[in-house]
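The values are calculated or read from the model by the stated rules, or taken from the named source; none is laboratory data. Bear in mind that the values here come from a model prediction, so they are computed numbers and not experimental data. Every residue, glycine as well, gets a Cβ built from its backbone with ideal geometry; the counts of neighbours run over all protein chains shown.
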Amino acid sequence: MKKIAIVGAGSAGILTAAHLCTWLDKSWQVCAVHNPRKKILGIGESTNGAFISVLERATNFSIANEADMNALAATLKFGSKFTGWREQSWINPLLSGNIAIHFDNRRFKDFVFGRLTELWPGQFTELLADVRQIQNYSDHVTLITDGGEHDFDYVVDCTGAPSDFDNYTMSD
């Protein structure tokens, strides 16, 4: 089995895990690695239609399901209102008539990871650990955590912007 780790449990990490569970076949294990003691930037977030599509495929989320909407403290979004940009305000509708949501991202991890655990039991796992270092090798990646070393085929770093990019390879 091939293993991929997503480090971080903010919105980017959660969406990445959801997307990978949906589109990778059963020969892959998707592991969300995060330290539950580390706080995310808890804000209300605004989304687009593609965001809803990922949630629908990965978690069976439905904007028509009141329990799903309540679980995320979500409200519907039909466009963006621009005020003070021109003489008159206007609403820019979402592309292709999509519907999106505004939601409380402090609720996002529990909702999505709960559903991924239920719907993708052979594919989704969580590793509760503080990642201290990511070591890249030619054939694997090792996460050094407060709980030991863990090897993966690939790692997606969703921990936020680094303070410098010295140890990163920037691709064209």
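Collect the residues in region 70-95 that are hydroxyl-bearing (Ser, Thr, Tyr) and surrounded by 10 or more Cβ atoms within 10 Å (Cβ to Cβ), keeping them in residue-number order.
THR75, SER80, SER89 - these are the residues of region 70-95 that are hydroxyl-bearing (Ser, Thr, Tyr) and surrounded by 10 or more Cβ atoms within 10 Å (Cβ to Cβ).
So how many residues does region 58-94 have that are under 30 Å from HIS19 (Cα atoms) and among the aromatic types (Phe, Trp, Tyr)?
2
Looking for something closer than 25 Å to HIS34 by Cβ, among the polar types (S, T, N, Q) and touching a residue at least 24 places away in the same chain (Cβ under 8 Å) - is there at least one such residue anywhere in region 104-117?
Within region 104-117, one or more residues are closer than 25 Å to HIS34 by Cβ, among the polar types (S, T, N, Q) and touching a residue at least 24 places away in the same chain (Cβ under 8 Å).
Residues are listed down the side, and each one gets a yes or a no for (1) in contact with a helix residue (DSSP H, G or I) (Cβ under 7 Å, 6 or more places away or on another chain); (2) assigned to a helix (DSSP H, G or I); (3) not basic (Lys, Arg):
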{"site": "THR16", "(1), (2), (3)": "no, yes, yes"}
{"site": "ALA32", "(1), (2), (3)": "yes, no, yes"}
{"site": "ARG37", "(1), (2), (3)": "no, no, no"}
{"site": "ILE52", "(1), (2), (3)": "no, yes, yes"}
{"site": "ALA58", "(1), (2), (3)": "yes, yes, yes"}
{"site": "PHE61", "(1), (2), (3)": "yes, no, yes"}
{"site": "MET69", "(1), (2), (3)": "no, yes, yes"}
{"site": "SER80", "(1), (2), (3)": "no, no, yes"}
{"site": "GLN88", "(1), (2), (3)": "no, no, yes"}
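What is the residue count in region 136-150 for residues that are in a strand (DSSP E or B) and loosely packed, with under 14 Cβ neighbours inside 10 Å?
Count: 3.
For ALA161, which of the numbered conditions (1) within 18 Å of ASN35 (Cα to Cα); (2) modelled with pLDDT of 95 or more; (3) of a type in the set (A, V, I, L, M) fails to hold?
The number of the failed condition is (2).
Could you list all residues from region 107-137 that are farther than 14 Å from PHE152 by Cβ, among the small types (Gly, Ala, Ser) and over 16 Å from the mean Cα position of the chain (by Cα)?
GLY122
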